[in-house]
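Peer 1: Okay, handing you the structure first.
The values are calculated or read from the model by the stated rules, or taken from the named source; none is laboratory data. Note that this is a predicted model, so its numbers are computed, not measured. Heads up, the Cβs are rebuilt from the backbone with ideal geometry, glycines too, and the neighbour counts pull from every protein chain shown.
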Amino acid sequence: MAKARVAVLISGGGTNMAALLYAAKRPDSPYEVVLVASNNPDAEGLKLAQAEGVATFAQSHVGLKRVDHDEIMHNHITKAGAAYVVLAGYMRILSESFVEKWDGRMLNIHPSLLPKYTGLHTHQRAIDAGDSVAGCSVHLVTADLDEGPLLGQMEVAVLPNDTADSLAERVKIAEHQLYPRTLADYVSRATDPDYLTSKVREIALAQPEADEVVSH
Ligand code: GRF
């Protein structure tokens, strides 16, 4: 079975990108990373991707309109033959047209148990709220920031002496477990008979006067 081709977008250290990349080295991985792209030419993660033999691309957003920058990224992603875009610490708000082009095929990871704490400073907010549990979420990207359909979550206990940094460090460990697994499950849906049957059923039952009868 051909592996799903994935482009990972980063802006910084890229530890999630690394987790995705190393998980993809398993022979049974249903996806492969064909491109690591960044809006930050100095992103540390680019060096790692290069060293691992993955194609990289960087285009600074400075001085470019958001739509124009997104268009350049989109062109490179499609040129690499990617079928999915995976955001991993990509610190850019995306234009509506980019989000539309990758509708249903773009994932993001966020360091909170969504719908709690969209946006920034998630760890401090969890600590300030006295939460006993924090965590991370993988979701599909839609026009609303951090609000697309959830694909997976992992809880992380908050320790009594946690600071935002110590909690962030543990949440990252969870992120590195959650993201590759969730991505693998998501791209595998296209060949999963149960998923395909449920889709067919959904479409069929949405027809006027449709009914379901068990056949023998
Ligand atoms: C992660 O905490 C992720 O949840 C958020 O950005 C951070 C990226 O970290 N979206 P890294 O670059 O993958 O280490």
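Peer 1: Of everything in the range 189-216, what is without any contact (Cβ under 8 Å) to a residue 40 or more places away in the chain, among the polar types (S, T, N, Q) and closer than 30 Å to Tyr31 by Cα? Give them in sequence order.
Peer 2: Correct list: Thr197, Ser198.
Peer 1: In this structure, is Met91 out of contact with any Asp or Glu (no Cβ under 6 Å at 6 or more places or on another chain), under 16 Å from Gly45 (Cβ atoms) and in a helix (DSSP H, G or I)?
Peer 2: no
Peer 1: Oh, and also: If you scan the range 36-68, which residues turn out to be in contact with a His (Cβ under 7 Å, 6 or more places away or on another chain) and not small (Gly, Ala, Ser)? First the steps, then the outcome.
Peer 2: Of all residues in the range 36-68, those in contact with a His (Cβ under 7 Å, 6 or more places away or on another chain) come to 37, 39, 57, 59, 61.
Result: Asn39, Phe57, Gln59, His61.
Peer 1: Then there is this: Got a sec? Which strands (runs of 3 or more DSSP E) wholly within the range 99-170 have at least 1 residues that are of a type in the set (D, E, K, R) and more than 30 Å from Val67 (Cβ to Cβ)?
Peer 2: 150-157
Peer 1: Next up: Filter the range 74-101 down to the residues that are farther than 17 Å from Gln59 by Cβ and of a type in the set (Phe, Trp, Tyr) and list them by number.
Peer 2: Tyr84
Peer 1: Something else: Since Asn39 meets every condition but one in (1) surrounded by fewer than 18 Cβ atoms within 10 Å (Cβ to Cβ); (2) touching a Ser or Thr at 6+ places or on another chain (Cβ under 8 Å); (3) modelled with pLDDT of 95 or more, which condition does it not meet?
Peer 2: Tallying (1) surrounded by fewer than 18 Cβ atoms within 10 Å (Cβ to Cβ); (2) touching a Ser or Thr at 6+ places or on another chain (Cβ under 8 Å); (3) modelled with pLDDT of 95 or more, Asn39 fails exactly one: (1).
Peer 1: Something else about it: Which one of these does Gly104 not meet: (1) within 16 Å of the ligand (Cβ to nearest atom); (2) at positive phi; (3) within 18 Å of the chain's Cα centre (by Cα)?
Peer 2: It fails just one condition, (1).
Peer 1: What are the residues in the range 16-34 that are within 16 Å of the ligand (Cβ to nearest atom) and surrounded by 18 or more Cβ atoms within 10 Å (Cβ to Cβ), if any?
Peer 2: The answer is Asn16, Met17, Ala18, Ala19, Leu20, Leu21, Ala23, Ala24, Val33.
Peer 1: Testing Val54 on (1) within 16 Å of the ligand (Cβ to nearest atom); (2) closer than 22 Å to Lys172 by Cα; (3) out of contact with any helix residue (DSSP H, G or I) (no Cβ under 6 Å at 6 or more places or on another chain), one condition comes back false. Which one is that?
Peer 2: Tallying (1) within 16 Å of the ligand (Cβ to nearest atom); (2) closer than 22 Å to Lys172 by Cα; (3) out of contact with any helix residue (DSSP H, G or I) (no Cβ under 6 Å at 6 or more places or on another chain), Val54 fails exactly one: (2).
Peer 1: Within the range 142-150, can one find any residue that is modelled with pLDDT under 95 and surrounded by fewer than 12 Cβ atoms within 10 Å (Cβ to Cβ)?
Peer 2: yes
Peer 1: Restricting to the range 3-15, give me the number of residues that are more than 11 Å from the ligand (Cβ to nearest atom) and of a type in the set (A, V, I, L, M, F, W, C). Before you say what the answer is, go through the steps one by one.
Peer 2: Step one: list which residues in the range 3-15 are more than 11 Å from the ligand (Cβ to nearest atom), which gives 3-7.
The next check asks that each one be of a type in the set (A, V, I, L, M, F, W, C); those that pass are 4, 6-7.
The total comes to 3.
Peer 1: Report whether or not Ser166 is farther than 26 Å from Ala4 by Cβ, out of contact with any strand residue (DSSP E or B) (no Cβ under 6 Å at 6 or more places or on another chain) and surrounded by 13 or more Cβ atoms within 10 Å (Cβ to Cβ).
Peer 2: Numbers: farther than 26 Å from Ala4 by Cβ: yes; out of contact with any strand residue (DSSP E or B) (no Cβ under 6 Å at 6 or more places or on another chain): yes; surrounded by 13 or more Cβ atoms within 10 Å (Cβ to Cβ): yes.
The answer is yes for Ser166.
Peer 1: Report whether or not Met91 is surrounded by fewer than 17 Cβ atoms within 10 Å (Cβ to Cβ), touching a residue at least 40 places away in the same chain (Cβ under 8 Å) and over 18 Å from the mean Cα position of the chain (by Cα).
Peer 2: Here the answer is no, as Met91 does not meet what is asked.
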